Amino acid sequence: MPRSLRAYVLDPRTRRWWLAAFVVLSVVALVVALQPAERAPHGTGSDKLDHALAFAALGMVGVFALRWWRRGVAWVLPILIGLGGAIEWLQSFVPSRHADWNDLLADAIGAALGTFVAWSLTRILERRAPGSRR
């Protein structure tokens, strides 16, 4: 029998998988962002949209990964803005790359949207969980 979305998000047994996914996706974002521009994937064709989508995904996975710890969700956005800032700073040392404050802004907007969507989804799923009050 297939598991429900509720089971994948709320089951405490999945938390280590979400955490692993968060770490792996963060490393992938870092590696892709630090490749020389000519070797980097082209994505959607819009650099800012690529940044926002990548960090929205990280925000969603980050909420699912860190929601188990007290105030864990509150740390998702600062962690991702720090990651975006570190990427921009490190890009200033990569040939054919440059640091761009607008990229960091796109990262922050995407992270905020992804975090909000995942937090909202978990709240909805928690309310609809068996034994909870509606």
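The values are calculated or read from the model by the stated rules, or taken from the named source; none is laboratory data. Since the structure is predicted, the reported quantities are computational estimates derived from the model, not experimental observations. Cβ coordinates were reconstructed from backbone atoms using ideal geometry, including for glycine residues, and neighbour counts include every protein chain displayed. Surface areas here come from the heavy atoms of the whole protein model, side chains and all, with no ligands, DNA or RNA. Shrake-Rupley method; radii C 1.70, N 1.55, O 1.52, S 1.80 Å.
Observations
- Using a probe of 1.4 Å on the protein chains alone, the accessible area found for Glu126 is around 70 Å².
- Other residues lying with their Cβ under 13 Å from the Cβ of Leu58 contribute a combined charge of -2, Lys and Arg counting +1, Asp and Glu -1.
- Only helices enter the 222 nm calculation for the chain: every DSSP H run of n ≥ 4 contributes -39,500 (n - 2.57), and dividing by all residues gives -23500 deg cm²/dmol, rounded to 500.
- Of Trp68, Trp119, the residue with the largest accessible area leads and the full order is Trp119, Trp68 (1.4 Å probe).
- Calculated from the structure at hand, Rg and Dmax of the Cα atoms in Å is found among [x] 13.9, 42; [y] 16.5, 50; [z] 16.4, 56 as [z].
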